[in-house]
1. Of all residues in segment 77-98, count the ones that are part of a strand (DSSP E or B), within 17 Å of TRP38 (Cβ to Cβ) and out of contact with any helix residue (DSSP H, G or I) (no Cβ under 8 Å at 6 or more places or on another chain).
2. Looking at (1) closer than 16 Å to PHE40 by Cβ; (2) surrounded by fewer than 10 Cβ atoms within 10 Å (Cβ to Cβ); (3) in contact (Cβ under 8 Å) with a residue 12 or more places away in the chain, can you tell me which one PRO104 breaks?
3. Just to be sure, is ALA68 assigned to a strand (DSSP E or B) and free of Cβ contacts under 8 Å to residues at least 24 places away in the same chain?
Amino acid sequence: MPRPWRMSCFVAGLIAVAAVSGSDAKVLRTKGPASTVWVFKNVDALRRFEKVARASVYDESKIEPLLACKVPQGSKIVVLVSGYRTAYIRVAEGGAQGCEGTVPITRVKDE
């Protein structure tokens, strides 16, 4: 008798996956003319970058360790977790495919 129960669990799982993956496709965009979007390792790395940016110190050697990857504008992404200020994403295409990290929520746009 456990067979119908397993099948119903399987079908429910497929429906849940379809609902999540059926959402609008997302891409990364910046406000300015930059050709890349920076994906930070985590929220803490993003906060440290914001402190560096406020101090107007754009030393690549200080910023590079905070980054998970650099992604071309318009790259397709999957939003894994979305918050009020940040989103944890996975890059879905290109040379950085599979890269996961944190971006400001303002960088996540509908395709």
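Throughout, read-outs are computed from the coordinates displayed, never taken from laboratory work. No experiment lies behind these values; they were computed from the predicted model shown. Neighbour counts run over all protein chains shown; Cβ positions are idealised from the backbone, glycine included.
1. 6
2. (2)
3. On the way: assigned to a strand (DSSP E or B): yes; free of Cβ contacts under 8 Å to residues at least 24 places away in the same chain: no.
So ALA68 does not fit the description; no.
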